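Okay, structure first, notes after.
The values are calculated or read from the model by the stated rules, or taken from the named source; none is laboratory data. From a predicted model like this one, the values you see are computed outputs, not experimental measurements. Heads up, the Cβs are rebuilt from the backbone with ideal geometry, glycines too, and the neighbour counts pull from every protein chain shown.
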Amino acid sequence: MAKLINGKEVSAQVKARVAAETEELKKKGIVPGLAVILVGDDPASQVYVRNKKRACEEVGFLSEEYRLAADVTQDELLSLIESLNARSDISGILVQLPLPKHLDEKAVLNVISPLKDVDAFQPVNVGRIMIGDYHFLPCTPAGVMELLKSADVDLCGKRAVVIGRSNIVGKPMAMLLMHENATVTICHSRTKDLPSVCREADVLVAAIGKAKFVTADFVKPGAAVIDVGMNRDENGKLCGDVDFDSVEPVAGCITPVPGGVGPMTIAMLMQNTLMAAKIQNGMIK
Ligand SMILES: Nc1nc(=O)c2c([nH]1)NC[C@@H]1CN(c3ccc(C(=O)N[C@@H](CCC(=O)O)C(=O)O)cc3)C=[N+]21
């Protein structure tokens, strides 16, 4: 039986740390603020945005939510972001993805000030991660690293396999694992004999976006299995990219969905927003 990695618990610890630091900042008259922009009315996005707002309240941040109609123009969205860039009470700006098709995602992300880019999606921040000189880490990969640390998973010299090569999760995930001296392989939809590559992994991170895709035959006995997936199964129930019931008896430790990586993503967003406030107030060079 695998050890269960509890993302709810670890995320609560991260948020408690952020809340304590926020209290200290407030004594200096600094209040971190997060603006979240949601375009359209995708129900899943609404849940995530609600969770983000609740987390802001928990840690003592100012939070603002902008709900824009699905047919908002690119110019309207860009001018909202520019006005938020200019405000000293807003430390971080997050534009919830995916955006409706008529909007140019790259152009939208590019107008966010790199100093307020709490998702770390900006080219400057992506580049800084590549060279290991960064302030903001992308929330989901950073959350995975915290979970591995909490479970005492040793990465040095170990084989890590990441399934998925997105800019948001797979690629930065691989980089962070490499920074901890793991030997990292990135797999994707064209990888030949995927299960056998995955079976080499001491640490397996699934970020594919396919419900219950990773089964026991992908997993080396005793491996740490981290499930980044957020899917709905045939009954509409939330499930990950890992077939939990099949993998759990084989793995050494495993994250559940829900209650694994999801809550961590939000906790790391709070950590990034706190960092943004410190940077903008000259407390960090
Ligand atoms: N600019 C941007 N930044 C993001 O960080 C971002 C995004 N866009 N678009 C969508 C994805 C997805 N994401 C999640 C956050 C929290 C949960 C979460 O709290 N999950 C709970 C359950 C949620 C539920 O009940 O549906 C859990 O796993 O326990 C999930 C997914 C952030 N994302």
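Just a few scattered comments:
- Verdict on V72 being within 21 Å of V18 (Cβ to Cβ) and touching a strand residue (DSSP E or B) at 6+ places or on another chain (Cβ under 9 Å): no
- Filtered residue count, the range 39-64, keeping only those that are at pLDDT 95 or above, among the hydrophobic types (A, V, I, L, M, F, W, C) and within 17 Å of the chain's Cα centre (by Cα): 2
- Output for the range 243-257, where each listed residue is within 10 Å of the ligand (Cβ to nearest atom) and free of Cβ contacts under 8 Å to residues at least 60 places away in the same chain: V257
- Residues that are over 14 Å from A160 (Cβ atoms), modelled with pLDDT of 95 or more and small (G, A, S), drawn from the range 223-250: G229, G240, S246
- Filter pass, S11 being of a type in the set (G, A, S) and either away from the ligand (no atom under 16 Å from the Cβ) or out of contact with any Pro (no Cβ under 7 Å at 6 or more places or on another chain) (or both): no
- Taking the conditions (1) outside the structural domain of P172 (by TED's automatic domain parsing); (2) over 17 Å from L147 (Cα atoms) in turn, N231 satisfies each one other than (1).
- Scanning the range 1-30 for residues that are of a type outside the set (A, V, I, L, M), surrounded by 13 or more Cβ atoms within 10 Å (Cβ to Cβ) and more than 30 Å from F244 (Cα to Cα) gives R17, E21, T22.
- Qualifying residue in the range 65-81 (condition: within 17 Å of D117 (Cβ to Cβ), more than 16 Å from the ligand (Cβ to nearest atom), in a loop (DSSP other than H, G, I, E, B) and at pLDDT 95 or above): no
- Pick from the range 31-63, criterion part of a strand (DSSP E or B) and surrounded by 17 or more Cβ atoms within 10 Å (Cβ to Cβ), ranking: farthest from the ligand (Cβ to nearest atom): G33
- Condition broken by S166, with the remaining ones in (1) under 26 Å from K15 (Cβ atoms); (2) among the polar types (S, T, N, Q); (3) in contact with a Leu (Cβ under 8 Å, 6 or more places away or on another chain) satisfied: (3)
- Any helices (runs of 4 or more DSSP H) falling wholly within the range 87-182 and containing at least 3 residues that are crowded, with 23+ Cβ neighbours inside 10 Å and not polar (S, T, N, Q): 139-150, 170-179
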